[in-house]
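The values are calculated or read from the model by the stated rules, or taken from the named source; none is laboratory data. Keep in mind that this is a model prediction, so the values were computed, not measured. Cβ placement follows ideal geometry from the backbone for every residue including glycine, while neighbour counts extend to all protein chains displayed. Quick note on the areas: whole protein, heavy atoms, side chains included, nothing else; ligands and nucleic acids left out. Shrake-Rupley method; radii C 1.70, N 1.55, O 1.52, S 1.80 Å.
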Amino acid sequence: MRAGLQSVFGNWLKYGTWCHEIRKCLVLYGNGITVFCSHATGIMEQNSDDNLSQVRHVVLVLSGKGGVGKSTITTELALALRQAGKKVGILDVDLCGPSIPRMLSAGRPDVHQCDSGWVPVYTDAQKSLALMSIGFLMEDPDEAVVWRGPKKTALIGQFVSDVAWGELDVLLVDTPPGTSDEHLAVLENLKKHRVDGAVLVTTPQAVSTGDVRREITFCKKTGVRILGIIENMSGFVCPHCSECSNIFSKGGGEDLAKLTGSVFLGSVPLDPQLSTSMEEGKDFMQSFPESATFSAISSICATLLKSLND
């Protein structure tokens, strides 16, 4: 791991907590793992309250299955929120597949520290979109993160507690697929800060909506409010005539929302222009304001903001 992952030790030194007890309770091996003693954990919890105190809304982005475009939806929601005049942050806790830095063309900058903790990476000069991801901490971008649950939990705890987000209107938390250690770690570390709810991403097929049903059960068991369901890859938009063809089945997300009593936020079609923007790290919302996908994402963003403000 890069020195950035280990720089939190220096942060503890600033707080006067770099003591013999912590040295004994700190273990570094493999890709890098921090195991905290109770004293250090207390400092983290206190720091978490401070660093999240100016964050108005926290929204989890969940999916039951991989490959449904959850990170793409997270990125486009962030860009749409920024275009609506909001200050946005993205916490990327998809530790094994951190793709958002590439989607936002953030590169691999060094992660710096301030008195409050890690400084997030800003993707624009106005500092209206902040990002923290394990992708910034890897020495080799092709290196696999082969970690068991405790390692992931420890790093997520650091991400939640030690990132100095400053003033944000919305913090989007991009999670890995499923209902695993990462999800529980996020909720556990955010328990002292209000989580507004979760946005669930699915594709139209029954095999995807079936997994999202389990995600809905997870939300109910953990007390997370479901802000709505987004159906991604809902039809294909022709780049020449803009006609939408339903390559996959259609309406699975909307049917699931009706079945479970959830809000259906909208459908996002397959769009080659969106795919190209993601590959090149360009702002799709700025580049293609007349596309059907732009209208879909903007509508979803407006509905989400209304739900957050109600």
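Computed values, structure above
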item: Relative packing of 155-161, 304-310, 103-109, which averages over residues the other C-beta atoms within 10 Å, highest first; result: 155-161, 103-109, 304-310
item: Extended-chain gain in nm, criterion 0.36 nm per residue less alpha-carbon gap, residue 217 and residue 250; result: 9.6 nm
item: Paired Rg and Dmax values of the range 179-310, which use every Cα atom, in angstrom; result: 16.1, 50
item: Cut-off 15 Å between beta-carbons: net charge of the residues surrounding residue 105, Lys and Arg +1, Asp and Glu -1; result: -2
item: Percent carbon-and-sulfur accessible area, the range 81-173, ignoring ligands, DNA and RNA, probe 1.4 Å; result: 47 percent
item: Probe 1.4 Å, accessible area per residue of the range 136-294, Å²; result: 45 Å²
item: Pairs beyond 24 Å (Cα-Cα), from 87/250; 86/306; 87/221; 127/192; result: 87/250; 87/221; 127/192
item: Spin-label pair residue 143/residue 308, simplified geometry with 7 Å Cα→Cβ offset, distance in nm; result: 3.3 nm
item: For the range 189-288: relative contact order, % (alpha-carbon pairs under 8 angstrom, 6 or more apart); result: 27 percent
item: Compactness index (Cα Rg / 2.2 N^0.38 Å), the range 78-226; result: 1.06
item: Trypsin sites (Lys or Arg not before Pro) restricted to the range 129-217 and DSSP loop, no more than 16 other C-beta within 10 Å; result: 148, 191, 192, 194
item: Cleavage-rule hits (GluC sites (Glu not before Pro)) in the range 182-286: DSSP loop, at most 15 neighbouring Cβ within 10 angstrom; result: 243
